[in-house]
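A.B. asks: Below is a structure I'd like to ask you about.
The values are calculated or read from the model by the stated rules, or taken from the named source; none is laboratory data. Computed from a predicted model, the values in this text were never measured in an experiment. Cβ: placed from backbone, ideal geometry, glycine included. Neighbour counts: every protein chain shown.
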Amino acid sequence: MATSNPESNSEAPKKVPTSKLRLGILLSLAVLAVASLVVFFPEIQTRISPPTATIPSTITPIPVEALVEITPSLTITAQPSPSVTLPPPHTITPLPVIPVSDNWGLMVFSLRENGTAHLFAYHPVTRQIIRLTNNTWDDISPSIHPNGKKVAYSSRQNGYWDLFILDLETGETSRVTDTPEYEGSPSWSPDGSWLAYETVVNGNFDISILQIDNPSETILLTNNPAAEYAPSWSPSGRKIAYVSDQNGFAEIWVADLDKVDDRFSKVASQSGLKNANHPVWSPDGQQLAWANQENGLSKIYSWDGQFVREEGFGEWPAWSPDQALLASVYQEPNHSHFAIYERTAHGFYLPPLQLPGLVDGLDWKNGSLPENLPSQLMSAAQTTPQPLWTPALTVTPQGPSGRNILAMLNNVNVSYPYLQDEIDESFTALRSRVGQEAGWDALYNLENAIIPISVPLSPGLKEDWLYTGRAISLNPVSMDAGWMIIVREDFGVETYWRIFLRARYQDGSQGRPIPFRTWDLNARFTGDPQSYEAGGKLSSSAPSGYWIDLTSLANAYGWERLPSLENWRVYYPAIRFNELVMRDGLSWQAAMNEIYPQEIFITPTSPVPPTATITSTPKYMRERSPTPSPTPTITPTRRPTWTPMP
């Protein structure tokens, strides 16, 4: 009698019938195929209602199992989803105000914090950031008074973009202009009696000048169809540098106030540099610095009247009071860094400091904050910003252990209105904010939210973030209708896109005008070979009207943009200009593992079919042409015929 131990069995094993063996293999393959099958989202039965003025603030969570049809033979043990605490968006932690008395001067910049631009003071030695304003409106483009005790800036605190002055000693704010037109980027005259600024006149950017004691009387310095903006008054008081695109690209120009004829002259174009911005004079008035975009990098240049010198990388250059240092803001696709360069050593004076938002103006002059801040400034400095959204996870017994569930987005026009339960509150909060800023529900119509893993995307988008439930793509129809525009931004060899939404009310109460040109993707279809090879072209002029920077606003809520693929110029789906992602530091695979079991990514190996037996080719086939005719066959006859012998 044979034992149960196969190693001690002396009898030869019985042969398994071939039919049973094949049946077992087929059953195994069937089970593996069923385990890998994931069918998302039953067919939508109801039509989503048109947008209303009320933007929903809640969502209905559902477990991921409700979106996946699993074979009944497979058993999944359901456990409650673990509680997850997400970090709030990047914020600036208030620091104790430490008065510093030295000759470093005063540095003030505008930074977008939680989607709103505030004024901050920064000290290079202590690296201390002090909040100066904490309002519900935007404060941008600061310019420090020559005496270092006041700051002029542009603000919309009265509902429109006007010029204001902040007194650092008293904390009081005074309004300089009061018009419905946009006014920004102020620059002080050396005696502190005048301001040069950019304004929109008849839908076009121009440079104006006003006297502080009589702001109602303004002088229009430039007046032509081109866009002139970002003025900088020289310390001598007789020159004003600014940006102009009258030659088809942004250059630095200088206006000589002592001349009547031939007052304006170019600067940057003399060295062949184009795409310039943010000019600023050195304290002695002998040099001019500006930022310039070239080959995907933003560099800082200085000009002494004869030679142009490269100083470093970044935008918004600012001279130190002794001219030994140059500060700038180095922009990354989704982050900003504050940098200070030492001009003699051609390197960083201090390690770059990462900032939590987009910088919208920087100035560095002689002066300092008072030792005892006035109550208004002290209140702003000690403010702790609150998170823009708070995740609310739904614990349900239907969610598998270790994996997240999906939440359905209410009143969103998209094929699959679902996002991960960890981030849906961020989308809802962003949607509400965009509705308030732009005046229309721009996130109601989406091109995509989550995409089922069983639905193939365009070639080259195999590992797209839309599969993870952590991404959305805006509907490009808004761009065709003129309610959305994009600006191309190159960072090295990668191309990114900044999205702007048109404000519903074009009276200046919403949005902000754009002085630079946008990118026209439709130019590739005009028949122009150069536009086709370049993936489009720059628009012929800056867009008119007022616009919302959706990219910057979405970044405050944790949504980042993605770079275009390498072939974006000739392959439209590779542009990815309308896709936003909530990564939270995760890789694509880690994000997929949050909602899918690991078995989903196991691809079964197909069995290799048996190789046919090699047979020799008949001689008559080898001797024929390279395309042989079929093998001849004998045609049978009903009965053999007899041929008589001769």
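A.B. asks: Which of the residues spanning region 240-262 are of a type in the set (D, E, K, R) and touching a residue at least 40 places away in the same chain (Cβ under 8 Å)?
C.D. replies: Residue satisfying the conditions is Asp245 alone.
Residue-wise test of (1) outside any loop (DSSP other than H, G, I, E, B); (2) free of Cβ contacts under 8 Å to residues at least 12 places away in the same chain; (3) farther than 22 Å from Asp360 by Cα.
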site: Tyr160; (1), (2), (3): no, no, no
site: Ser174; (1), (2), (3): yes, yes, no
site: Tyr197; (1), (2), (3): yes, no, no
site: Ile207; (1), (2), (3): yes, no, no
site: Ala230; (1), (2), (3): yes, no, no
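A.B. asks: Inside region 302-321, can you point out the residues that are under 16 Å from Asp284 (Cβ atoms) and out of contact with any Phe, Trp or Tyr (no Cβ under 9 Å at 6 or more places or on another chain)?
C.D. replies: Asp304, Gly305, Gln306
A.B. asks: I'd like the full set of residues that are surrounded by fewer than 18 Cβ atoms within 10 Å (Cβ to Cβ) and under 26 Å from the mean Cα position of the chain (by Cα), limited to region 124-159.
C.D. replies: Within region 124-159, Asn135, Thr136, Trp137 meet the criteria.
A.B. asks: Across region 499-542, what is the total count of residues that are closer than 22 Å to Val200 by Cα and among the basic types (Lys, Arg)?
C.D. replies: 4
A.B. asks: Before we move on, is Val267 surrounded by fewer than 22 Cβ atoms within 10 Å (Cβ to Cβ), touching a Leu at 6+ places or on another chain (Cβ under 7 Å), farther than 30 Å from Leu562 by Cα and of a type outside the set (D, E, K, R)?
C.D. replies: It is true that Val267 is surrounded by fewer than 22 Cβ atoms within 10 Å (Cβ to Cβ), touching a Leu at 6+ places or on another chain (Cβ under 7 Å), farther than 30 Å from Leu562 by Cα and of a type outside the set (D, E, K, R).
A.B. asks: Can you pull out the residues in region 303-335 that are in a strand (DSSP E or B) and within 17 Å of Met107 (Cα to Cα)?
C.D. replies: Matches in region 303-335: Glu315, Trp316, Pro317, Ala318, Trp319, Leu325, Leu326, Ala327, Ser328, Val329, Tyr330.
A.B. asks: Also, quick follow-up: Pairs under 8 Å by beta carbon, first residue under 17 Å from Gly237 (Cα atoms) and surrounded by 12 or more Cβ atoms within 10 Å (Cβ to Cβ) in region 210-225, partner at pLDDT below 90 and acidic (Asp, Glu), six or more apart or different chains?
C.D. replies: Pairs found: Leu210/Glu217; Gln211/Glu217.
A.B. asks: Within region 605-616, identify whether any single residue is assigned to a helix (DSSP H, G or I) and either more than 30 Å from Ile485 (Cα to Cα) or at pLDDT below 90 (or both), and answer yes or no.
C.D. replies: Checked region 605-616: no residue is assigned to a helix (DSSP H, G or I) and either more than 30 Å from Ile485 (Cα to Cα) or at pLDDT below 90 (or both).
Yes or no, residue by residue, for (1) of a type in the set (Val, Ile, Thr); (2) in contact with a Leu (Cβ under 6 Å, 6 or more places away or on another chain):
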{"residue": "Trp104", "(1), (2)": "no, no"}
{"residue": "Arg112", "(1), (2)": "no, yes"}
{"residue": "Gly115", "(1), (2)": "no, yes"}
{"residue": "His118", "(1), (2)": "no, no"}
{"residue": "Val125", "(1), (2)": "yes, no"}
{"residue": "Gln128", "(1), (2)": "no, yes"}
{"residue": "Arg131", "(1), (2)": "no, no"}
{"residue": "Asp138", "(1), (2)": "no, no"}
